[in-house]
Each structure stands twice: as C-alpha cells, then as structure tokens.
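Data first, discussion second: the structure below is written as structure tokens.
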Amino acid sequence: MEVTYLARRPELTDQVVRMLTAAFGGPAAEPFFRELLAHTMETEGIPATIIAVEGDTAVGTVGVWRSDMLCRQDLTPWIGCLTVDAAWRGRHIGSELQAFARDHCRRCGQTHLYLYTQLVGYYEKTGWEYMGQFHNLDGSEHRVYGCTL
C-alpha cells in the first residue's frame, strides 16, 4: 500500500469520487466531489488530495484545504473528507493518510492543522487535540480538533 497524491495517479479520480460520494453525501454529491478533486490536483501547496493506493485501487483519501468551516476562517489549513474503504479499515490507513497530510503541511510552511467531525474517540488516538464544538447551519453539532505540526 502506498500513500501519494491524486495528482500523481489521476486515473484513480473516478474511484476517489465514488469513495467520497459513498461516505459523504450519496450520488447527488458526485458533481461537487468531481469539481473539488479537479481543483486539488496538487503535489505542492494547498489544496491537495492525498490517496492510499493498493495496486490500481484507491483504498482511502483525505483532502488538505485552506478552510473547511465558514465560522472559523481564523483557522487554516484543514484536513477533510478522510475516508477508508470499508474492506481496508483496521489497517491504520487513516493514520497514514493523516501523517502524510501533516508532512505535506509542514513542507508548505504550516505550523498547525485542523479538522471537524462528529466522531468521538478516533482523532484523539492519532494526536489531535479537542478544541470545542460548533453548530452547523443545519443545527448539527461538530467537534473541532487541532494539532501542532
């Protein structure tokens, strides 16, 4: 298994779109994710899309973005849409994707990284510090995490 940039394996874009739509919004979200990926095909700088690959199969992904939360524009950069294919979970691929994203941000001169989630207990295991909660426009509660790079 290799962690790399989607920009280095653009032929896997359709697989990554399917993975993201399955995890974060269903088929109606496909045009959004296709456009997002088209604008994150970078290997230097932010934004970037990072993927975990086994052979010719994308098995996980995470994005590095300038912002992922309208109400916290003071925090940058962010990781978002971390997901690993269900058949590949339990192999620490999510942790490897996070480590790659952290290294990428360090190379970009960043000193901190942020994320938001509804998960409790996962990110604490991989070095993230809970910063507080916020309410999204739909009323849902999310947790904000940060880490020092």
What longest region of the chain stays clear of chymotrypsin sites (Phe, Trp or Tyr not before Pro) that DSSP places outside H, G, I, E and B and that have at most 16 other Cβ atoms within 10 Å?
-> 25-121
The chain - charge dipole about Cα centre, Lys and Arg +1 at Cβ, Asp and Glu -1, debye rounded to 20 = 260 debye
Which value in deg cm²/dmol, rounded to the nearest 500, describes the helix-derived mean residue ellipticity at 222 nm for the chain, given -39,500 (n - 2.57) per DSSP H run of n ≥ 4 and division by the residue count?
-> -7000 deg cm²/dmol
For the stretch 102-149, give the percent of accessible area contributed by carbon and sulfur heavy atoms, probe 1.4 Å, rounded to a whole number.
-> 48 percent
Once all protein chains are kept in place, Ile93 shows an accessible area at probe 1.4 Å, nearest 10 Å², of 10 Å²
Nitroxide proxy distance, nm - points 7 Å out along Cα→Cβ at Arg91 and Thr126 | 1.5 nm
Checked the stretch 89-149 with the C-alpha gyration tensor, a ≥ b ≥ c its square-rooted eigenvalues, rounded below a/c of 1.5, otherwise prolate if a/b is larger than b/c and oblate if not; verdict oblate
Within the stretch 127-149, whose backbone N sits under 20 Å from a point 7 Å along Cα→Cβ of Ala29?
-> 134-145
State to the nearest 20 debye the size of the charge dipole of the stretch 69-149 about its Cα centre, where the only charges are +1 on K and R beta carbons and -1 on D and E beta carbons.
-> 240 debye
Virtual spin-label span in nm between His39 and Thr148, 7 Å along Cα→Cβ | 3.3 nm
Per residue, how many Å² of accessible area does the chain show with a 1.4 Å probe?
-> 53 Å²
Net +/- balance of residues flanking Ala23 in space, Cβ distance below 13 Å, scoring K and R +1, D and E -1 | 0
Rounded to the nearest 10 Å², the accessible area of Leu75 using a 1.4 Å probe with every protein chain kept is 10 Å²
Rg(Cα) of the chain divided by 2.2 N^0.38 Å?
-> 0.98
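The values are calculated or read from the model by the stated rules, or taken from the named source; none is laboratory data. Just so we're clear, the structure is a prediction, and the values are computed from it rather than from any experiment. Cβ: placed from backbone, ideal geometry, glycine included. Neighbour counts: every protein chain shown. The accessibility values were calculated without ligands, DNA or RNA, using every heavy atom of the protein model including side chains. Shrake-Rupley method; radii C 1.70, N 1.55, O 1.52, S 1.80 Å.
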